[in-house]
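Participant: Take a look at the following structure, please.
The values are calculated or read from the model by the stated rules, or taken from the named source; none is laboratory data. Just so it is clear, the model here is predicted, and its values are computed rather than measured. Here Cβ is always computed from backbone atoms with ideal geometry, including for glycine, and neighbour counts include all displayed protein chains. Each accessible area value is taken on the protein alone, full model and side chains, heavy atoms only, with ligands, DNA and RNA left out. Shrake-Rupley method; radii C 1.70, N 1.55, O 1.52, S 1.80 Å.
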Amino acid sequence: MPVQRLEIGAFGGPEVLRVVRDTALPVPGPGEVRIRVEASSLAFTDTLIRRNLYPGLKPSLPLTLGYDIVGRIDEVGPDVAQWHIGDRVADLVQVGGNTTHLVRPAASLVAVPKGLDAIRVEPLILTYMTAYQALFFEGDAKAGDALLIYGASGAVGQAALDLCRAFGVRAVGVASAKHEDAVARMGATFVAYDRPDASATLDRLSRDAKGFKVILDAARSEALSSVLARLAPDGRFVALGFSAAFRAAHRAGNARPGLLAALRFAFDFLRIQWLSSRSGTARRVIFYDISKRRARHPEWFRADLSMLFTLLEQGRISPHIQRVFGLGEAIEAHRLMDAGQVEGRFVLDLAPPRKLRPRSPAPSVARAPAPGVGG
Ligand SMILES: NC(=O)c1ccc[n+]([C@@H]2O[C@H](COP(=O)([O-])OP(=O)(O)OC[C@H]3O[C@@H](n4cnc5c(N)ncnc54)[C@H](OP(=O)(O)O)[C@@H]3O)[C@@H](O)[C@H]2O)c1
């Protein structure tokens, strides 16, 4: 079968996933190209879409998952001048990326440098872009600043720590005690949220730093007032995710956060939105959303992604890929993501079979020495 993809026919747990085979290749229309996908996302965000819990998205079923893609153009539709067969490209698609073949508008693609491995490029599209824009655009982080990152062992957190190293930013990373090594390896000061002295330790580190310049929050667990009290007078709090509520629900054996957690979640979200709208010029509260930011500023997305590709080419960043999965293993990947068993990123390998690539354990994650200060 020419096309294979990861589809859901109903919203729910990993059991709703199935590998579907189509006999016909999709055909690009005017202004479109078809991409032979080489790698796509297996990220926490995909699990939210699988459960129909992703804010602002109302997908219809059946649905192919996959938030981003990297691959090669294998057919060009009419009226496309800028792309040719064989060009390597990347795109953020929200849904539909977990497939071997995909048609996309030519105008939405970003060129991928020839020599880069698709498996190492893929985490840059959703995950590193989120960390980069949240830290350096919304957070306005600079070399020498002190940062606090909640969710530091996860996909976005590990990307943020990698970028902090590349740009000479000092980071404190918060995750559960079992992930101490993953956070410390990235050169960050580690704080375990599941130890009784976590809050006091974070207060002390904040006092030592005279307040954190940026707090990046991918987990949203501590009371918002305690977190905001750790900001520098001109600091920025950038919220982007609510992992903690989903982790807690999973630990309790529930598919989704219960009523109390959902109310707290909604209250936090509304409070962050309200504080964002009335932030003055000094201390600011921001909710980052990659899709909204891209829709508003597609040229920034293109420029930032190209810059991330350059950092990867130069060996200044090195995505922490915990494991690479094939389509037939995607259900296992989703189970592990639901259970919070991810350090860094999982990646879905969709390359044609002739490419031999080690699946598990992951490819080498050897890191370049910490680069000097500045971009
Ligand atoms: N707004 C956007 O544009 C955007 C873009 C990408 C992702 N996201 C969202 O960002 C969030 C994180 O994504 P991800 O892919 O990095 O997820 P992930 O890989 O599952 O990582 C989640 C992280 O949260 C940590 N965590 C869980 N409970 C915590 C707690 N109580 N206190 C502190 N940390 C806690 C986990 O640590 P342990 O494993 O040690 O518990 C882990 O480091 C998700 O909600 C995702 O949907 C948003």
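Participant: For residues that are outside any loop (DSSP other than H, G, I, E, B) and within 16 Å of the ligand (Cβ to nearest atom), scanning just the stretch 96-129, find the one that is nearest to the chain's Cα centre (by Cα). Write out each step before concluding.
Facilitator: Of the stretch 96-129, the ones outside any loop (DSSP other than H, G, I, E, B) are 99, 101-108, 110-111, 118-129.
Still in the list and also within 16 Å of the ligand (Cβ to nearest atom): 122-129.
On the way: E122: 10, P123: 7, L124: 8, I125: 8, L126: 4, T127: 2, Y128: 6, M129: 7 Å.
Among residues in the stretch 96-129 that are outside any loop (DSSP other than H, G, I, E, B) and within 16 Å of the ligand (Cβ to nearest atom), the one nearest to the chain's Cα centre (by Cα) is T127.
Participant: Would a scan of the stretch 283-296 turn up a residue that is open to solvent by less than 30 Å² (accessible area, probe 1.4 Å), of a type outside the set (D, E, K, R) and more than 30 Å from S226 (Cβ to Cβ)?
Facilitator: Within the stretch 283-296, not a single residue is open to solvent by less than 30 Å² (accessible area, probe 1.4 Å), of a type outside the set (D, E, K, R) and more than 30 Å from S226 (Cβ to Cβ).
Participant: For the stretch 21-69, give me the residue count where each residue is touching a Leu at 6+ places or on another chain (Cβ under 8 Å) and either open to solvent by less than 30 Å² (accessible area, probe 1.4 Å) or within 14 Å of the ligand (Cβ to nearest atom) (or both). Before you say what the answer is, go through the steps one by one.
Facilitator: Applying the first criterion (touching a Leu at 6+ places or on another chain (Cβ under 8 Å)) to the stretch 21-69 yields 26, 33-35, 37-43, 45-46, 49-50, 54, 64-69.
Narrowing the set further to residues that are either open to solvent by less than 30 Å² (accessible area, probe 1.4 Å) or within 14 Å of the ligand (Cβ to nearest atom) (or both) leaves 33-35, 37-43, 45-46, 49-50, 54, 64-69.
The qualifying residues number 21.
Participant: Here's something else I'd like to know. Residues of the stretch 145-183 being open to solvent by 40 Å² or more (accessible area, probe 1.4 Å) and more than 13 Å from the ligand (Cβ to nearest atom), which ones?
Facilitator: Result: R165, R170.
Participant: If you go through the stretch 197-209 one residue at a time, how many are under 21 Å from L224 (Cβ atoms) and open to solvent by 100 Å² or more (accessible area, probe 1.4 Å)?
Facilitator: Residues in the stretch 197-209 being under 21 Å from L224 (Cβ atoms) and open to solvent by 100 Å² or more (accessible area, probe 1.4 Å): 2 in total.
Participant: Could you tell me whether L148 is of a type outside the set (F, W, Y), part of a strand (DSSP E or B) and under 28 Å from Q341 (Cβ atoms)?
Facilitator: In short, yes.
Participant: With the condition kept exactly as written, say whether any residue in the stretch 212-231 is away from the ligand (no atom under 13 Å from the Cβ), among the small types (G, A, S), more than 24 Å from the chain's Cα centre (by Cα) and open to solvent by less than 30 Å² (accessible area, probe 1.4 Å).
Facilitator: Checking the stretch 212-231: not a single residue is away from the ligand (no atom under 13 Å from the Cβ), among the small types (G, A, S), more than 24 Å from the chain's Cα centre (by Cα) and open to solvent by less than 30 Å² (accessible area, probe 1.4 Å).
Participant: Continuing with this model, one more query. Quick one: is R195 among the basic types (K, R), more than 11 Å from the ligand (Cβ to nearest atom) and within 27 Å of K142 (Cβ to Cβ)?
Facilitator: Details: among the basic types (K, R): yes; more than 11 Å from the ligand (Cβ to nearest atom): yes; within 27 Å of K142 (Cβ to Cβ): no.
When the stated conditions are applied, R195 does not pass them.
Participant: Here is a follow-up. State yes or no: is P14 under 23 Å from the mean Cα position of the chain (by Cα), assigned by TED's automatic domain parsing to the domain that holds L102 and more than 17 Å from Q94 (Cα to Cα)?
Facilitator: yes
Participant: Can you spot a residue in the stretch 283-301 that is of a type in the set (K, R), in contact with a Pro (Cβ under 9 Å, 6 or more places away or on another chain) and assigned by TED's automatic domain parsing to the domain that holds A232?
Facilitator: yes
Participant: Something else about it: If I ask for residues that are more than 13 Å from the ligand (Cβ to nearest atom), aliphatic (A, V, I, L, M) and modelled with pLDDT of 95 or more, which ones from the stretch 258-312 would you list?
Facilitator: A303, L305, M307, L308, L311, L312
Participant: Let me ask you something else. Against the definition (assigned to a loop (DSSP other than H, G, I, E, B), open to solvent by 10 Å² or more (accessible area, probe 1.4 Å) and at negative phi), how does Q341 come out, yes or no? Show your work before the answer.
Facilitator: Values: assigned to a loop (DSSP other than H, G, I, E, B): yes; open to solvent by 10 Å² or more (accessible area, probe 1.4 Å): yes; at negative phi: yes.
Spelling it out, Q341 is indeed assigned to a loop (DSSP other than H, G, I, E, B), open to solvent by 10 Å² or more (accessible area, probe 1.4 Å) and at negative phi.
Participant: Can you pull out the residues in the stretch 263-289 that are among the small types (G, A, S) and touching a residue at least 12 places away in the same chain (Cβ under 8 Å)?
Facilitator: Scanning the stretch 263-289 gives a single hit, A282.
Participant: Continuing with this model, one more query. Between a residue in the stretch 19-43 that is within 29 Å of L336 (Cα to Cα) and any residue that is among the polar types (S, T, N, Q) and surrounded by 15 or more Cβ atoms within 10 Å (Cβ to Cβ), which pairs come within a Cβ distance under 7 Å, given they are 6 or more apart or on different chains?
Facilitator: Listed pairs, sorted by first residue: V19/Q4; R21/Q4; R36/T100; V37/T99; V37/T100; S40/N98; A43/T127.
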